[in-house]
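As structure tokens, the structure follows; a few thoughts come after it.
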Amino acid sequence: SAILVSEPAGSGFDLGRARGRHLAFVATGTAIAPVHAGIEHALGTDVAALALSLDLGLRSPGHLASGSDLDRQRARGLEVHLHYSEPAADGSVVGTLAHEALLARLTERGLVKDTFVVAVGQPAMVKELRARLVALGGEAADVVSNY
């Protein structure tokens, strides 16, 4: 069968603003694919971030398609947090949202202003993450996305 394959989309992630700061990646579901590329770049070059973390939102442990990659990246210094959630019948969410967990951790650790975030996933998640980071004292420009 024939399949349509396109060129890579987007302009990549400029990680220069992460120098000397915490570099946090946030992804949901299949958005882990472009995030893996950013993580590999950060681990393999002189990005000079103080620390690297990943908050990955999934429906269930069975939806984790990249466990061996995460194990390898964790061994190289990536702090990994997996979060599980799904929509309820009433439209609410049951479980933990990745961006909310990241914001809570940054607040608890006093890192809101010292963190650069690469967020890939649903546009509403990225928009909410950016707005809440700003409300906590961070900068809107400190959240980059794939669109």
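Here the strands (runs of 3 or more DSSP E) wholly within segment 68-147 that include at least 1 residues being open to solvent by less than 30 Å² (accessible area, probe 1.4 Å), in contact with a Leu (Cβ under 7 Å, 6 or more places away or on another chain) and in contact (Cβ under 8 Å) with a residue 12 or more places away in the chain are 78-87, 115-120, 143-145. Any residue at all in segment 36-48 that is open to solvent by 70 Å² or more (accessible area, probe 1.4 Å) and more than 22 Å from V143 (Cα to Cα)? No, every residue in segment 36-48 fails to be open to solvent by 70 Å² or more (accessible area, probe 1.4 Å) and more than 22 Å from V143 (Cα to Cα).
Counting only residues that are within 14 Å of the chain's Cα centre (by Cα) and under 26 Å from V47 (Cα atoms), segment 124-136 holds 6 of them. Close Cβ contacts (under 8 Å, 6 or more residues apart or on different chains) running from residues in segment 12-25 that are closer than 19 Å to A98 by Cβ and touching a residue at least 60 places away in the same chain (Cβ under 8 Å) to residues that are hydroxyl-bearing (S, T, Y) and open to solvent by less than 10 Å² (accessible area, probe 1.4 Å) comprise H22/S53; H22/T115; L23/S53; L23/T115; A24/S53; A24/T115; F25/S53. Considering A18, A31, A42, A24, the condition of being closer than 21 Å to S145 by Cβ, among the small types (G, A, S), modelled with pLDDT under 90 and in contact with a strand residue (DSSP E or B) (Cβ under 6 Å, 6 or more places away or on another chain) is satisfied by A31 alone.
Restricting segment 53-67 to residues that are in contact with a Ser or Thr (Cβ under 8 Å, 6 or more places away or on another chain) and touching a residue at least 40 places away in the same chain (Cβ under 8 Å) leaves a set whose member that is farthest from A24 (Cα to Cα) is G57. Test of understanding: among S60, S53, which residue is of a type in the set (S, T, Y), in contact with an Asp or Glu (Cβ under 9 Å, 6 or more places away or on another chain), within 19 Å of D14 (Cα to Cα) and open to solvent by less than 60 Å² (accessible area, probe 1.4 Å)? None of the others qualify; the one that does is S53.
Name the residue that is farthest from S85 (Cα to Cα), counting only residues in segment 32-67 that are in contact with a helix residue (DSSP H, G or I) (Cβ under 7 Å, 6 or more places away or on another chain) and assigned to a loop (DSSP other than H, G, I, E, B). Ranking the candidates gives V47 first.
The values are calculated or read from the model by the stated rules, or taken from the named source; none is laboratory data. What you see is a predicted model, and the numbers here were worked out from it, not measured in a lab. Every residue, glycine as well, gets a Cβ built from its backbone with ideal geometry; the counts of neighbours run over all protein chains shown. Side chains included, ligands, DNA and RNA excluded: accessible areas come from the protein's heavy atoms. Shrake-Rupley method; radii C 1.70, N 1.55, O 1.52, S 1.80 Å.
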